[in-house]
1. At q = 0.12, 0.18, 0.21, 0.30 Å⁻¹, what log₁₀ I(q)/I(0) does segment 3-67 have when each alpha carbon counts as one equal point scatterer in the Debye sum?
2. Starting with the fewest neighbours, write out 62, 53 ranked by other beta-carbon atoms found within 10 Å of each beta-carbon.
3. Spin-label point model (7 Å from Cα, Cβ direction): what's the residue 131 to residue 9 distance in nm?
4. Using a ≥ b ≥ c from the Cα gyration tensor of segment 37-88 (square roots of the eigenvalues), is it rounded, prolate or oblate, where a/c under 1.5 gives rounded and otherwise the larger of a/b and b/c decides, a/b for prolate?
5. Can you pull the one-decimal nm distance between simple spin-label points at residue 50 and residue 16, each 7 Å off the Cα toward Cβ?
6. Could you work out the relative contact order of segment 123-169, using alpha carbon pairs under 8 angstrom and six or more residues apart, expressed as a whole percent?
7. Quick check: residue separation of residue 159 and residue 123 times 0.36 nm, minus the Cα distance between them. What number comes out in nm?
8. Highest first, please rank the peptides 165-176, 124-135 by the mean number of other Cβ atoms sitting within 10 Å of their residues.
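Bear in mind these aren't lab numbers, they're just calculated from the coordinates by the rules spelled out. Predicted, not measured: the structure shown is a model, and the values here were computed from it. All Cβ positions, glycine included, derive from the backbone under ideal geometry; neighbour counts span all protein chains shown.
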Amino acid sequence: MNLTDRLAVDLDGAFEQFVRDHQNAVYAAALRLTACRADAEDVAQDAFVQAYRALSEWDGPRIRALAVKPWLARITLNVVRNRARTTSRRPHTTPLDGVPAAAVVDRQPGADHRVGDVDEVVAQVAALAPSYRAPVVLRHAYGLSYEEVADVLGRPVGTVKAQVSRAIQQLKEQRQ
């Protein structure tokens, strides 16, 4: 029995495995969209809470027919957008020690440091315009097809292909 079948039969019993199967991809997409580990963790957690709430209201056939990866990508992207919208409405604060919050970098020894500097890549992707950032993250970090990215973003496939291409070009230029 596959995971969507298990979710349809026993949501509470299968949801933990669902999270384990998808947490790395959701976190990676959130990290590249937010460029902050703490924010990415919050986004991933919120995305799974929203996913659970949605699934708890669906019937079995709808859960079995679910295309999980694009659905989770859409939820993750919406959580990021909602957080950005909420954050932009809040007043900016300065920590008491005088160091601006944007200057604080969450660096944990050995965490997320593979071949190449992940922090550098995250910063480069974060520097992209939002219209380019989401498509390139969903396509290359989250692994969706162009058609799935277009569906998640509500854009034509040709537009998504062009945005991903432009984003890749900008990233290449940043590395030079």
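1. Here log10 of I(q) over I(0) equals -0.32, -0.66, -0.82, -1.23.
2. Ascending number of Cβ neighbours within 10 Å: 53, 62.
3. 4.8
4. Prolate.
5. It is 2.6 nm.
6. 41
7. 10.6 nm
8. Output ranking for 165-176, 124-135: 124-135, 165-176.
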